[in-house]
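First comes the structure, then the notes that go with it.
The values are calculated or read from the model by the stated rules, or taken from the named source; none is laboratory data. A quick note: this is a predicted structure, and the numbers were derived from the prediction, not measured. Note that each Cβ is placed from the backbone with ideal geometry, even for glycine, and that neighbours are counted across all protein chains shown. Quick note on the areas: whole protein, heavy atoms, side chains included, nothing else; ligands and nucleic acids left out. Shrake-Rupley method; radii C 1.70, N 1.55, O 1.52, S 1.80 Å.
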Amino acid sequence: MESVKLVDGNIKTMIALNNKNLYKTDCYINGEWHAAKNGHAIVINNPFSKEVIGTVPDMEAADCVEAIDAAHSAFQEWKKYTAADRAQILRKWYELQIENLEDLAKILTIEQGKPLAEAKGEIRYGASFVEWFAEEAKRIYGDVIPGHGRDKRITVIKQPIGVVGAITPWNFPNAMITRKVSPALAAGCTVVIKPSELTPLSALALAELADQAGFPKGVLNIITTSDASAIGKELTGNPKVKKISFTGSTKVGKILLKQSADSVKKVSLELGGNAPFIVFDDADIDAAVKGAIASKFRNAGQTCVCSNRIFAQEAIYDEFVEKLVKAVAALKLGDGLETGVNIGPLIGAKALAFVENVVEDARSNGAVILTGGKVSLVNDLIYEPTVITNPNTGMKVFREEIFGPVAPIFKFETEEEVIEMANDTPYGLASYFYGRDYARIWRVAEALEYGMVGINTGMISTTVAPFGGIKQSGFGREGSKYGIDDFVNIKYMCWGGVD
Ligand code: SIN
């Protein structure tokens, strides 16, 4: 990533869009499009072709303060809107996203690298949160509690928490924004979004559609920056911000949590994972292979819920490995815009070096690489989908979140042994297992120390379920009826003298 001083305006791109308005290279603050106060910009590259696809403002803390002030002042009115009015604007935002699905997906693939079919899936997934929370806005119910005295009555209301700082990652440049921002807006909060500097164009396109949908000035603001740490400090330190919602690494999540402590902000963290994917000997092996492909190789392995460590029981180990290798070898690598491509580039050179290092560690310690194991000739950022056998629990493939298309397959004998290995990690986001025994399914699902468990499926993400982790994978839930909870304060009123 390169930061430059703009001289002749933004560098224009070659993204051919049906709706040219979606290509935005300024930030959206208080209902207007802004360059950075310092005149600097970040250069954005397509990770596959390396072409420059545009620039976005390289903002600093002063720009962030302006966005926070705008959000704070907009909050005073937005919180008074009826739920139905907020719902209507959210609904319009959703409809615009669906109308512009092709363009949004194209922008996403060009800046992030994932195959176009996956990008379209992400836009639908992202929009579904907007639709869902447009509906949930009308159901932020309170309670009436039987009083603790004959003359007492207690009522409970939920109120929007205030300005929300949403810090989002590059692996889902669209859906991680809508998953945080829709419940916040539905509840009556206003937002300042800081997208990843690697994939800001998707975020700015969403802001353009928010503008068209009719959100009042200052309700939704976006700032882009190459100095994530300065903006993180401002968002967590500014007393006008009442809530931080972050998706990203556990390392950064801990920093934001510490920084939020001084002003005792409410925080939601969706952090790293180290998902186990267990195949028991009574599993439907073909279904398990399909599930493993979906959960391991989606987005080239770059999701927090990607299975990281695959465990296959002794009796079916060889059959599972053989079928998985065949399926992995059939994956097509290339430019995400090309039809039929399954695996695109990793996000950057650092990510690629990390994956190479993890595989090298396994290889040099005695693991066997059955397929893949190197950078592809197709592109210097594509790592070949890799299957590793004979790994052990001392290796990096067991301990680290790989975030790449690498599947180590561990052999196990007993249920107790595999539960112990599966839980042997500080993370607790997603987990998966395949099997048919009814009692074992319950035992294993209960024993896995994870916020989410996929049973006979490799695809667990959906708007209607509470996405989130435990342990060092964070806290807070996104999506579902629980998704609003993180953006409201509960207040009770105790009524006396009711004689
Ligand atoms: C993530 O990787 O953070 C999100 C993945 C998902 O929603 O499926």
Practice task
Determine which single condition residue 100 fails, assuming it passes every other condition in (1) among the polar types (S, T, N, Q); (2) surrounded by fewer than 19 Cβ atoms within 10 Å (Cβ to Cβ); (3) at pLDDT 95 or above.
Solution key: (2)
Practice task
Count, please, the residues in the range 405-450 that happen to be among the small types (Gly, Ala, Ser) and crowded, with 22+ Cβ neighbours inside 10 Å.
Solution key: 5
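For (1) touching a helix residue (DSSP H, G or I) at 6+ places or on another chain (Cβ under 6 Å); (2) within 16 Å of the ligand (Cβ to nearest atom); (3) outside the structural domain of residue 72 (by TED's automatic domain parsing), each residue gets a yes or a no:
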| residue | (1), (2), (3) |
| --- | --- |
| 118 | no, yes, no |
| 141 | no, no, no |
| 179 | yes, yes, no |
| 218 | yes, no, no |
Practice task
Please verify whether the range 148-168 includes one or more residues that are within 13 Å of the ligand (Cβ to nearest atom), at pLDDT 95 or above, open to solvent by less than 50 Å² (accessible area, probe 1.4 Å) and not acidic (Asp, Glu).
Solution key: yes
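Mind counting the residues in the range 285-298 that are within 15 Å of residue 429 (Cβ to Cβ) and either open to solvent by 10 Å² or more (accessible area, probe 1.4 Å) or within 12 Å of the ligand (Cβ to nearest atom) (or both)?
2
Are any residues in the range 242-267 in a loop (DSSP other than H, G, I, E, B) and either crowded, with 22+ Cβ neighbours inside 10 Å or away from the ligand (no atom under 16 Å from the Cβ) (or both), and if so, which ones?
Keep residues of the range 242-267 that are in a loop (DSSP other than H, G, I, E, B), which gives 248-249, 262-265.
If the condition is that a residue be in a loop (DSSP other than H, G, I, E, B) and either crowded, with 22+ Cβ neighbours inside 10 Å or away from the ligand (no atom under 16 Å from the Cβ) (or both), then 248, 262, 263, 264, 265 are the ones that fit.
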Handout entry: Where residue 366 falls short, out of the listed (1) over 24 Å from residue 271 (Cα atoms); (2) surrounded by 16 or more Cβ atoms within 10 Å (Cβ to Cβ); (3) of a type in the set (Gly, Ala, Ser)
Key = (2)
Problem - Unmet requirement for residue 459, which otherwise passes all of (1) within 16 Å of the ligand (Cβ to nearest atom); (2) within 22 Å of residue 300 (Cβ to Cβ); (3) in contact with a strand residue (DSSP E or B) (Cβ under 8 Å, 6 or more places away or on another chain) - result: (3)
Problem - Selected residue [assigned to a helix (DSSP H, G or I) and open to solvent by 30 Å² or more (accessible area, probe 1.4 Å)] from 118, 122, 136, 111 - result: 118
Fill in the blank from the handout: Across the range 273-282, the tally of residues that are more than 12 Å from the ligand (Cβ to nearest atom) and open to solvent by less than 10 Å² (accessible area, probe 1.4 Å) stands at 6
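State whether the residues of the range 325-332 include one that is assigned to a helix (DSSP H, G or I) and either in the same structural domain as residue 17 (by TED's automatic domain parsing) or touching a Lys or Arg at 6+ places or on another chain (Cβ under 9 Å) (or both).
yes
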Exercise for the section: Would you mind stating whether residue 226 is at negative phi and surrounded by fewer than 24 Cβ atoms within 10 Å (Cβ to Cβ)? Expected result: yes
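Just one of 204, 198 is on the phi < 0 side of the Ramachandran plot, under 19 Å from the mean Cα position of the chain (by Cα), within 16 Å of the ligand (Cβ to nearest atom) and in the same structural domain as residue 42 (by TED's automatic domain parsing); which is it?
Being on the phi < 0 side of the Ramachandran plot, under 19 Å from the mean Cα position of the chain (by Cα), within 16 Å of the ligand (Cβ to nearest atom) and in the same structural domain as residue 42 (by TED's automatic domain parsing) holds for just one of 204, 198, which is 198.
Residue by residue through the range 299-344, note down the ones that are within 16 Å of the ligand (Cβ to nearest atom) and closer than 15 Å to residue 458 by Cβ. Talk me through it step by step, then tell me what you get.
Residues of the range 299-344 that are within 16 Å of the ligand (Cβ to nearest atom), as a first pass: 299-308, 344.
Once the filter is applied, which keeps residues that are within 16 Å of the ligand (Cβ to nearest atom) and closer than 15 Å to residue 458 by Cβ, the range 299-344 yields 299, 301, 303, 304, 305, 306, 307, 308.
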Handout entry: All positions within the range 324-351 that are farther than 21 Å from residue 295 by Cβ and open to solvent by less than 30 Å² (accessible area, probe 1.4 Å)
Key = 334, 348
Completion exercise
Taking the range 268-295 and keeping only residues that are assigned to a loop (DSSP other than H, G, I, E, B) and within 19 Å of residue 386 (Cα to Cα), one is left with 274
